[in-house]
Structure formats: structure tokens, C-alpha cells
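Below is one structure, written out as C-alpha cells; comments come after it.
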Amino acid sequence: MISYRYSAPVLARENCPDAHSIMDQLAEHVLAQSSVDQAMLKLHRQGVKEKHGESLDGLDTLAEQLREHRRHLQKEYALEPLLGQLSHQINSLVRRELEALRSR
């Protein structure tokens, strides 16, 4: 017979708010929103913050981090300067070829 042992999940973050803080904030949002669904959506979007500085980022924060990372990558790997340089070199070559053809 196969047996299984279950245990609590290991959190990847050490400075994560505890369940009591999360439930307290959820209760506050439920009272303010009058809907558990709306309160859960707000917690997902805004994240959970504790008075002691510990926090669990929300989807809005993660989305902003992704946008910033994307901007950084676009700036780092921008092709416009390279394409502009190639365009200038091609135009220069075409001009020289036309001048060579005219001089014949």
C-alpha cells in the first residue's frame, strides 16, 4: 500500500505577511467593499502590506515591474540606431555607385 505524507508548503519569501494580517486586510476590504469577490480582487491587485514593513506585492506592482523590465530591454536592444547607421552607409554606397556610373 502506498502512503503519502502531507506538510505545510514552504514559502519562498521569508518576509511575507502572516495569515492573520492577510485575513485582517481581507476583512477590512470586505467591510469597505461589501463583497468578498471585490475584496479579493482588491487584495490581488494591491497586495498585502503590514505595519512592520513586510509586504506581499500585488498584481499592479508586478505588472509595473514587468513594464519597467520591458522598457529596459527595449532600450538595451533597440535597433533604431543600428538601422539608422546601416541606412546611412547604404545611401553613401548608392551615391558613390551613381557617381561612378555618371563618370563613365
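Every read-out reported here was derived from the displayed coordinates using simple, explicitly stated rules and does not represent laboratory data. None of these values were measured; they are calculated from a predicted model. Using ideal geometry, Cβ is built from the backbone for each residue, glycine included, and neighbour counts are taken over all protein chains shown.
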Worksheet item: Identify, please: which residue in segment 63-104 is hydrophobic (A, V, I, L, M, F, W, C) and within 30 Å of residue 45 (Cβ to Cβ) and is, among those, surrounded by the most Cβ atoms within 10 Å (Cβ to Cβ)?
Response: 63
Discussion item. Considering only residues that are charged (D, E, K, R) and either within 20 Å of the chain's Cα centre (by Cα) or surrounded by fewer than 12 Cβ atoms within 10 Å (Cβ to Cβ) (or both), which ones fall in segment 16-53?
Written reply: 18, 37, 42, 45, 49, 51
